1. Applying the selection to region 154-171, what residues are surrounded by fewer than 19 Cβ atoms within 10 Å (Cβ to Cβ) and either away from ligand 2 (no atom under 16 Å from the Cβ) or over 18 Å from Ala85 (Cβ atoms) (or both)?
2. I want to confirm something. Restricting to region 15-35 and keeping residues that are in a loop (DSSP other than H, G, I, E, B) and modelled with pLDDT of 95 or more, which single residue is farthest from Phe155 (Cα to Cα)?
3. Please list, ordered by residue number, the strands (runs of 3 or more DSSP E) wholly in region 140-234 having 1 or more residues that are within 30 Å of Ser12 (Cα to Cα) and touching a His at 6+ places or on another chain (Cβ under 9 Å).
4. Within region 18-51, how many residues turn out to be surrounded by 15 or more Cβ atoms within 10 Å (Cβ to Cβ) and away from ligand 2 (no atom under 12 Å from the Cβ)?
Amino acid sequence: MGKITLSQVRKSFGEVDVIPGIDLSIEDGEFVVFVGPSGCGKSTLLRLIAGLEDTTSGKIDIDGRDATLLPPAQRGLAMVFQSYALYPHMTVRKNIAFPLKMAGMSAAEQEAKVQHAAKILNLTNYLDRRPGQLSGGQRQRVAIGRAIVREPAAFLFDEPLSNLDAALRVTMRQEISELHQSLKTTMIYVTHDQVEAMTMADKIVVLNAGRVEQVGSPLDLYHSPRNLFVAGFIGSPK
Ligand code: ADP
Ligand code: MG
């Protein structure tokens, strides 16, 4: 569970080819980081995988199944938004349980899954609070909890830490890496931050103007950048 394959995936908005055509394989259990400058198409690519945008052409396979035309809810993936996407009027418990409630799960089953996620994320003592009564890091954990309870084939993160302060970003980066080590679920993580990419990724996908410049491990990219763009963005000087 969690293998994602893109074949000639293209996306245009009107006349503009934002993603002219991408081929990419993401293996089950990998931590893959999409990195590149602002506006290069990272969010669009993630949203295509999530099904929040339709491809203009090309194919997206998830676990050997053609998912290109499937609605987001049927892709088995969970998108983690920035912490401000929580419902402010609901408790932490209800925020985490929300996707389960939508899926019609019984209250007892919901509670068991919420407790499990809360334990993983150190939120057990905060379940009756509302997001406004939590720190930034705790709010981000609630957003992750809402994804964990769905037991997705892959987690999709779009710059989840960008509105946290620098110290908290370092902590949350470690927490997400630890979560990946314990769940062993595929994670796709979008960032424009080279340090995040280098410290978190098994595999980095460097994007530039909707194209893949290079795919490789942090060490590959650092030692053998394919071109000046990658070298300037990530690697040592070529
Ligand atoms: P990134 O996440 O790397 O900053 P995006 O994927 O958000 O980049 O955007 C890539 C390009 O696509 C940008 O030029 C952006 O303006 C454009 N774009 C994104 N979404 C839309 C949209 N819904 N309509 C038109 N253009 C869009
Ligand atoms: Mg973006």
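1. The answer is Asp165, Ala166, Ala167, Leu168, Val170, Thr171.
2. So the residue we want is Glu27.
3. In region 140-234, 154-158, 186-191 are the strands (runs of 3 or more DSSP E) which contain 1 or more residues that are within 30 Å of Ser12 (Cα to Cα) and touching a His at 6+ places or on another chain (Cβ under 9 Å).
4. Kept after step one, since they are surrounded by 15 or more Cβ atoms within 10 Å (Cβ to Cβ), are these residues of region 18-51: 18-22, 24, 26, 29-36, 40-51.
Going one step further and asking which of them are away from ligand 2 (no atom under 12 Å from the Cβ), we end up with 19-22, 24, 26, 29-33, 48-51.
The number of residues fulfilling the criteria is 15.
The values are calculated or read from the model by the stated rules, or taken from the named source; none is laboratory data. Just so it is clear, the structure is predicted and the values come from calculations on it, not from any experiment. Counting neighbours? That spans all protein chains shown, and the Cβs are built from the backbone with ideal geometry, glycine included.
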